[in-house]
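The values are calculated or read from the model by the stated rules, or taken from the named source; none is laboratory data. None of the values given here were measured: they were computed from a predicted structure. All Cβ positions, glycine included, derive from the backbone under ideal geometry; neighbour counts span all protein chains shown.
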Amino acid sequence: MVEWKRTFWAVWFANFTAAAGMQSFLPFFPSHVESLGVTDRAQVELWSGLIFGAAPFSAAFLTPVWGALGDRFGRRLMVLRALLGLTVFVGLMALATRPEHLFLLRLGQGVFSGFMAPSITLVSFGAPPGKQGRITGSLQVSVALGAMAGPLIGAGFGTAIGLRPLFLSVAAAAFVGAIVVLLFAREPEAEQRDAGDEGGVRGVLAGTLRDLRDVMANPVVRGAVVLLFAMQFAFGATKPLLELFARDVLGPDGPDPVKVTGWMAMLMALASTVSLRAWGAWGDEHGHRRALVICAFVAAFALGSNAFVHFLPQALVWMLGLQLLLGFGMAGVSPSSYGLAGEEVPAGRRGGAFGVLFGARTLAMATSAWAGGYLARFVGVSGLFAVGGVGILLTLAVLLRRWGGGSSGGSGRAGDAERPAEAPDRDAVAASAR
C-alpha cells in the first residue's frame with residue numbers, strides 16, 4: 001500500500017474510534033447531570049451547557065498553538081498527544097461524583113485533545129496535490145460515521161448500565177487509536193519545519209505566534225474563520241439541549257426523548273457521512289468559498305425551521321427531516337474551510353492555519369453551549385433555533401458584501417486579487433541562505 005494511504009487509513013480508524021466514543025456520551029449530559037443529583041430544570045440546562053462547552057473552550061485557545069508547534073516538531077506527534085489526552089481525561093470522568101468534576105475534566109480534555117486538525121494536517125501532506133478538499137472530506141467521514149454510531153451506543157449501552165462504564169470504554173478506544181497511529185502512520189520528514197534556530201522554548205513560542213499572525217493576515221482565511229465561527233455558534237447553542245427540545249416537542253405521552261435524541265444525532269451524522277466527501281470534491285472543482293456559502297444557506301434554513309416544528313402535524317417526522325438537512329449543510333463546513341485554507345497559505349504554515357480554523361470552531365462550540373444553556377431559560381430551546389438561523393444569514397450577508405459576492409470564482413484562489421502579495425516563506429529564504 002502507498003505510504004500516504006496507509007497513514008490515511010490509520011488516522012481514519014483512530015478518528016472513527018475517538019468520534020464514536022465521544023458522541024456516545026456528549027448528547028446525554030442532561031441525563032447524566034440529573035444522575036449526579038441535580039434536579040432543577042434550569043440547573044440541568046446550565047450545567048449541561050457548561051460541561052459540554054468546557055472542552056471546546058479550552059481547546060479553542062490551545063489548538064492553534066498545537067497546530068503551529070506541529071509544523072515544527074511533527075504532526076503525528078500532535079495526533080498522538082490528542083488521543084492520549086482523550087484516554088486520560090475521559091477515563092477520569094468515570095470517577096466524577098459532582099457536575100463540577102465533569103466540568104474540570106472537560107476543561108483538561110480540551111487542553112490536550114483536539115484530534116481533527118492535526119489529523120487533517122498529517123494526512124494532507126502526503127496526499128496528491130489539488131485534492132485537499134477530497135482528502136479532508138474523506139477523513140471526516142470517519143468522524144461522521146463515529147458520530148452516527150456513538151449516539152446509538154450511548155442511548156442503548158448508556159441507559160442500560162449508566163455512563164461510568166461508558167467513559168472507561170471510550171478511554172480504551174482512544175488508546176487503541178493512538179497505538180494504531182503510532183504503528184502505521186508516517187510523516188514526510190521534509191515537510192516538518194526546522195525548529196533548530198528558534199532560540200529555545202521562548203523562540204519557538206515567538207515563532208509560533210508570528211506564524212499564526214501571518215495566517216490571520218490573509219483576508220480570505222479570515223472570512224472563512226468568521227463564517228465557520230458563526231455557523232458553529234448557532235448550531236452549538238442548541239446541541240447540548242437537544243434532549244430537552246425533544247421532551248418539549250413530543251410531550252410526556254410521546255416517544256422516549258432519549259431514544260429520539262439518539263436518532264436525531266444519528267440522522268445528522270448519516271447526512272454528514274454521505275455528503276462530506278462530495279462537498280470536498282465539489283469544492284475542489286467549483287471553489288471552496290462558493291461551497292461554504294451554500295452550506296451556510298442550507299444550515300441557516302434547517303436550523304431556523306426547527307423553531308416551528310411544534311406547530312406542525314407529525315412533529316417527530318419534521319424534527320428528523322430537519323436534522324438530515326442540517327447535517328447536509330453543516331457537513332460541508334469543514335472540508336470547504338480547510339480546503340480554502342490549504343490553497344491560501346504556504347505548506348509550512350498549514351498546521352497553524354488548520355489550527356486557527358479548528359480553534360474558531362471549538363471556541364464557538366464552547367461559548368455557544370454556555371450561551372445556549374443560559375439563554376434557554378428566557379427564549380426556550382425553540383427560540384435558540386430561530387436566533388441561530390437568523391444569525392448565520394446576517395453573518396453571511398456581511399461577508400458576501402466584503403467578498404464582493406464571494407460565491408463567484410472557481411476556486412479558493414479566486415481571492416488572490418483582494419489578497420496582499422505574500423512575503424517570501426521564511427523557511428525557503430533560510431534554506432537558500434544555507
Problem set entry | From 185, 195, residue being within 23 Å of the chain's Cα centre (by Cα) and either modelled with pLDDT under 90 or among the hydrophobic types (A, V, I, L, M, F, W, C) (or both) | 185
Seminar exercise, completed: Restricted to segment 11-37 and to residues being at pLDDT 85 or above and in contact with a Phe, Trp or Tyr (Cβ under 6 Å, 6 or more places away or on another chain), the residue nearest to residue 97 (Cα to Cα) is 33
For this session: Could you give me the residue pairs with C-beta distances under 7 Å whose first residue belongs to segment 67-96 and is of a type in the set (Phe, Trp, Tyr), whose second residue is crowded, with 24+ Cβ neighbours inside 10 Å wherever it lies, and which are 6+ apart or on separate chains?
Result: 89/109
Problem set entry | Some residue of segment 251-269 being closer than 25 Å to residue 394 by Cβ, under 17 Å from the mean Cα position of the chain (by Cα) and in a helix (DSSP H, G or I) | yes
Exercise. Mind checking which residues of segment 325-362 are within 18 Å of the chain's Cα centre (by Cα), farther than 16 Å from residue 231 by Cα and not aromatic (Phe, Trp, Tyr)?
Worked result: 339, 340, 341, 342, 350, 351, 352, 353, 355
Seminar exercise, completed: Just one listed residue, out of 46, 77, 36, is closer than 17 Å to residue 175 by Cα and either touching a Gly at 6+ places or on another chain (Cβ under 9 Å) or surrounded by fewer than 23 Cβ atoms within 10 Å (Cβ to Cβ) (or both), and it is 77
Exercise. For segment 322-367, how many residues are at pLDDT below 80 and either at positive phi or outside any helix (DSSP H, G or I) (or both)?
Worked result: 2
Exercise. What tally of residues in segment 222-237 results from selecting those that are over 14 Å from residue 295 (Cβ atoms) and surrounded by 24 or more Cβ atoms within 10 Å (Cβ to Cβ)?
Worked result: 3
For this session: Looking only at segment 382-405, decide whether some residue is modelled with pLDDT under 85, part of a loop (DSSP other than H, G, I, E, B), on the phi > 0 side of the Ramachandran plot and buried (at least 16 other Cβ atoms within 10 Å of the Cβ).
Result: no
Problem set entry | Top-ranked residue in segment 301-318 [being surrounded by 23 or more Cβ atoms within 10 Å (Cβ to Cβ) and over 18 Å from the mean Cα position of the chain (by Cα); ranked as nearest to residue 141 (Cα to Cα)] | 302
